[in-house]
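Here's the structure, in structure tokens; my notes come after.
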Amino acid sequence: MKTLKFKAHLVAPILSGEKISTWRLFDDKNLSVGDELSLTNAETTREFARAVITDIREKKLNDVTQADFDAWERRDNLEEMLELFRGYYGERVTPESMMKMVTFRLHQ
């Protein structure tokens, strides 16, 4: 089982079904459709749910469109996205960085 960490403020939207996707750069877990996930609170390291990956799309940050934001946290422009992802991954994030747009479904 693979683990994905989420900031504490995202736990409630995930549990309510409002948030069903995440964008991940530099995939060191080799995430794939069908993978079983343990979703954990990044601050407490406690598991708060289990899920399965139902879809994955890959795209460069530079190629993100407005439609992509419907399933994710909206940012007004590329610079805001770069700033956000650099907070998670450091300065290696560029407009050419590849990301995985991961959609998941919680286990009932």
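The values are calculated or read from the model by the stated rules, or taken from the named source; none is laboratory data. Only a predicted model underlies this, so the values are computations on that prediction, with no experimental measurement involved. These area figures cover heavy atoms from the full protein model, side chains too; ligands, DNA and RNA do not enter into them. Shrake-Rupley method; radii C 1.70, N 1.55, O 1.52, S 1.80 Å.
Residue pairs exceeding 19 angstrom between C-alpha atoms, taken from 2/29; 29/100; 5/60: 5/60. For the chain, the calculated P(r), taken from all Cα-Cα distances in 10 Å bins from zero up to the bin holding the longest distance, is 14, 47, 35, 4 percent. Heavy-atom surface analysis with a 1.4 Å probe gives the chain a carbon and sulfur content of 46 percent of its accessible area. Each Cα pair under 8 Å and six or more residues apart adds its separation to the average, and for the chain the resulting relative contact order is 36 percent. What would the Debye equation give as log₁₀ I(q)/I(0) for the range 25-67 at q = 0.23, 0.26, 0.32 Å⁻¹, counting only Cα atoms as equal point scatterers? Taking Cα atoms of the range 25-67 as identical point scatterers yields -0.95, -1.00, -1.08.
Against the chain, whose longest principal axis is taken from its Cα atoms, helix 78-89 shows a tilt of about 50°.
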